[in-house]
Every structure is written in C-alpha cells, then in structure tokens.
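Single-structure report; data block below.
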Amino acid sequence: MFKTPHGEIQTPVFMNVGTQGAIKGGLSAFDLKEIGCQVELSNTYHLHLRPGEKVVKAMGGLHRFMRWDGPMLTDSGGFQVFSLASRRKITEEQVVFASHIDGRKIEMSPEDSIRIQAYLGSDIAMALDECVENPSPYEYVRVSCDRTTRWLKRCDQELRTQVSAPDAINPGQVLFGINQGGVFEDLRVKHMREIARLELPGYAIGGLAVGETAGEMYAIIDAVEPHMPPDRPRYLMGVGTPVNIIECVSRGVDFFDCVMPARNARHAHLYTWQGRINLKNEKYTLNQNPIDGKCGCHVCANFSRAYLRHLFKCEEMLAMRLAVIHNLWFYNNLMREIRTAIEEDRFDSFRNEHSSVLDRRI
RNA sequence: GUGGGUAUAGCUCAGUAGGUUAGAGCACCAGAUUGUGGAUCUGGGGGUCGUCGGUUCGAGCCCGAUUAUCCACC
C-alpha cells in the first residue's frame, strides 16, 4: 500500500499508460475507473509539447484537466532519451530534443522536467534519467549512471522548491529515483546504493526490457533488489508481459507500467487466461465466444470474437476501444488476483499455475 | 458502323532487346511489438500473362483471328 494525495495505491499495481492524458484507443478517465485502474500514468515530454504544461496548470492541473481523480504518476522524459535517441543530444546540463512533431528544439534539464511535472500536478514525479540502450559499452553506462545520479540530486532539489511554491498544483507531490546500469550488475548495485542515500519515497528500476532477455532482466532485479529500501515501493519501469509481472512480483517489485496491453489491443492481440490471441486471425470469423470466458469486463460480457474481428477488419474505432478495455481490465484484474493470492499466502501456487501459460500464443 | 488504345495476382499496374523459377504496391494470411511517434518491421499464399492459332531452338513480348473493354469519329 502506498499513500498519495489522491488516494491509496494497493500493491502490487499495474499503472495504466495515458501518455498524453488519454488512453490510446479512445478511453477517458471514466473508462479507467470502470476497468479497475488505480494509477494513471502520463508523460512529461509529450505533454510539454502539447498542450504545454502552462496550459495544463492554467486549467487546474492534469487531474482536473483530464477528469482523473485517482493517483497519477508522470514519467520524466527519460524514456524519450532512449526512444527518440536519433532526435536528441545529452550534455551534463540537459537533454536537447528535436521535436518529433515539428522538429523544433526542445531543451529539457532535470529542473525543467520536474517543473513541468509540478505544473502537471501528478502525485509521483519521476527523475529525469538516461535510459541507456542495450547493448551499450560498460564505460558509456558507467559515465551515464554517474550523470543520472547528479541529475537525480538536481531533481530532488527542484521538487522541494516546486512543492513549496504558494501556487503549487500538488504540494503533496513526491519524487521517485531511477536506477540505471544497463546489464552490468556491479554498476546497477553501485548506482542503487548511491541513489538510496537520498532516501526518496520510492525507487524505480529503469532501462530494462530494452532488448535484453527476460533472464538477464530477472538477474538484474535479483542483484539490485537487496539494495533497495525495504520500506519504499519498487517500480519496474515499462514491464511487461503478464509472466514478466508475476516473475517480478516474486522478486519484490510493487509498481509496473507497460504499453503492451494497450498497444497490443490496438493491433487485435488480446490477453486471456489461456494465453494471447490475435483476433484478426481468420479462425475467429464465426467464433461466438467472448475473448475470455472467465473475464469480467463488459466487452466479454457482451461481444463475440467474431464481431470484434469484424470491427478490426473494417478498422472501426470501436474495435480498438473495446480491445483496449478488455486488455487493461485483464491486466488490472491480474494484479487483483496477484494481491489476493499474496494475502491468502498462495502466491507460489498462483505463479506455478499461470507462469507457463499467460504469455503463450494460442 | 469506322479508326485507335488496352487486356499480366482479388485491385492498380511494371515487365528492358524474344532467353532460367513473370515482379511491385495495396488487399489477403500469419508473426514481432515492454517508462506509446495510433508507428514500424518481418514472413507467407496467390497468376493456364483474355481466348484460339501461327513464327521461332525458345513467346507475357512478334504475326493473324477472335472476345471483352475504353476513347474518338460517323
């Protein structure tokens, strides 16, 4: 459990990604409530570009703007350092992007990122880091980690300034630090120990699920986890598949977020308790079953696979919307099942039952 | 009716000078996707080259006929 100004978060939790203040696929904050979402996640870089943090602040902050009244986390733009690598330059002072929209110069220092997140008014702000690509040379990762540590201290300072401002949107906003270090366990551990000294309210593991194998990812979590504060939430950024999540919960992770359920849904890849299906497959043309017979979402309660396949083949907007509702419901429900299993002290059997099944294609 | 053009994959079209197993885009069938560029990438199936005949060692390509279709004119 983790307390925020907009309510408590029951952990482990999956945070639902609404990069630009909306869930792609046509879902609003009200849909988020219905699918059982606890935490909404938005992005600093994208909202900085459109509509701009000043607009959001003038509209009363992102909670009011998008009508989401629950806990909210904002990512710092650090992932765009990775995903938009060809459009940015990093210096000690800041990162400079060429906007992916119109090419204009976007300067973002650690202070800028935090100020933007303060204007957005999220409950949890993430530190600006460099998510390094994999593979990267040891020496590059070492230098990058040291800079990310310095940036974290600057973020910490800036957040203190921002939340104490008289017109702060969310005076209760807190900062999470982010561990980096690529696939090098010694750098990971060293970096984690350094940032743990700042005694932040939460810590994330970043830079994973960027090309390394699942085995490598688990090994790094096993190495880093003992050095994370035991009484603070641990957030594994950008992960993952249902099996990744179960495996990482068993390794002590509390927070997850991932674009996969929503992105896959938009491409007709849907999750079931038996595995993943591709609704565009011809074999569903006359299939009268719901996506998942055990699912409690309103899509499964009402619509056949055949109808959803038809909507996808016709590229109706409704196809994406219904598919995203199902996949996000599935993920949020998966976390609910995990929490219940933990409470009832049967997580190991839950893990054994589902880990070999959920990620397979059927 | 006359003259001319066209006919190649489900669709739109390439196909050099007559020379192995006829290609592309889209569509279709599949696969990938991990702090979201509604993106992208990868693979696959599918063609008696309108029909009949001729020339040639060899024809999608050249010749004749025929059918369909488009354009112009009467």
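The values are calculated or read from the model by the stated rules, or taken from the named source; none is laboratory data. For clarity, every value in this text was computed on a predicted model and none was experimentally measured. As a convention, Cβ positions derive from the backbone with ideal geometry for all residues, glycine included, and neighbour counts pool all protein chains shown. Accessible surface is based on the protein model in full, side chains and every heavy atom, while ligands, DNA and RNA are left aside. Shrake-Rupley method; radii C 1.70, N 1.55, O 1.52, S 1.80 Å.
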Next item on the list: Might you let me know whether the range A:199-214 holds any residue that is part of a helix (DSSP H, G or I) and open to solvent by 50 Å² or more (accessible area, probe 1.4 Å)?
Entry: no
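Taking the range A:220-254 only, how many residues are small (Gly, Ala, Ser) and within 25 Å of A:ARG361 (Cα to Cα)? Break it down into steps so the answer makes sense when it comes.
Filtering the range A:220-254 down to residues small (Gly, Ala, Ser) leaves A:223, A:238, A:240, A:250, A:252.
Restricting the remaining residues to those that are within 25 Å of A:ARG361 (Cα to Cα) gives A:238, A:240, A:250.
Total satisfying the criteria: 3.
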Item checked: Whichever residue in the range A:273-313 is open to solvent by 70 Å² or more (accessible area, probe 1.4 Å) and of a type in the set (A, V, I, L, M, F, W, C) and, among such residues, is farthest from RNA strand B (Cβ to nearest atom) -> A:ALA301
Next item on the list: Just give me the residues in the range A:123-135 being crowded, with 17+ Cβ neighbours inside 10 Å and more than 12 Å from RNA strand B (Cβ to nearest atom), in sequence order.
Entry: A:ASP123
Next item on the list: Could you list, in sequence order, all residues of the range A:70-119 that are open to solvent by less than 40 Å² (accessible area, probe 1.4 Å) and aromatic (Phe, Trp, Tyr)?
Entry: A:PHE97
Check: Give me the pairs: first residue in the range A:140-155 and of a type in the set (Gly, Ala, Ser), second residue open to solvent by less than 40 Å² (accessible area, probe 1.4 Å), beta-carbon distance under 7 Å, and six or more apart or on different chains, which are they?
Finding: A:SER144/A:GLU130; A:SER144/A:VAL132; A:SER144/A:GLN180
Notebook entry, point to check: If you go through the range A:75-92 one residue at a time, do you hit one that is within 16 Å of RNA strand B (Cβ to nearest atom), assigned to a helix (DSSP H, G or I) and more than 21 Å from the chain's Cα centre (by Cα)?
Noted result: yes
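What number of residues within the range A:7-29 are of a type in the set (D, E, K, R) and more than 14 Å from RNA strand B (Cβ to nearest atom)? First the steps, then the outcome.
Of the range A:7-29, the ones of a type in the set (D, E, K, R) are A:8, A:24.
Of the ones still in play, those that are also more than 14 Å from RNA strand B (Cβ to nearest atom) are A:8.
So the count comes out to 1.
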Margin query: Which numbered condition in (1) out of contact with any Gly (no Cβ under 6 Å at 6 or more places or on another chain); (2) part of a helix (DSSP H, G or I) is the only one that A:GLY172 fails?
Written below: (2)
Notebook entry, point to check: Tell me, which residue of the range A:9-34 that is aliphatic (A, V, I, L, M) and under 16 Å from the mean Cα position of the chain (by Cα) is farthest from A:ILE338 (Cα to Cα)?
Noted result: A:ALA22
Next item on the list: Would you check which residues across the range A:247-262 are free of Cβ contacts under 8 Å to residues at least 40 places away in the same chain and either over 22 Å from A:SER356 (Cα atoms) or surrounded by fewer than 23 Cβ atoms within 10 Å (Cβ to Cβ) (or both) and list them?
Entry: A:ARG251, A:GLY252, A:MET260
Checklist line | Where A:VAL163 falls short, out of the listed (1) surrounded by 15 or more Cβ atoms within 10 Å (Cβ to Cβ); (2) in contact with a strand residue (DSSP E or B) (Cβ under 8 Å, 6 or more places away or on another chain) | finding: (2)
Notebook entry, point to check: So how many residues does the range A:219-246 have that are in contact (Cβ under 8 Å) with a residue 24 or more places away in the chain, away from RNA strand B (no atom under 11 Å from the Cβ) and not in a loop (DSSP other than H, G, I, E, B)?
Noted result: 10
Check: When only residues in the range A:314-362 that are of a type in the set (Lys, Arg) and in contact with a Ser or Thr (Cβ under 8 Å, 6 or more places away or on another chain) count, which is least open to solvent (accessible area, probe 1.4 Å)?
Finding: A:ARG339
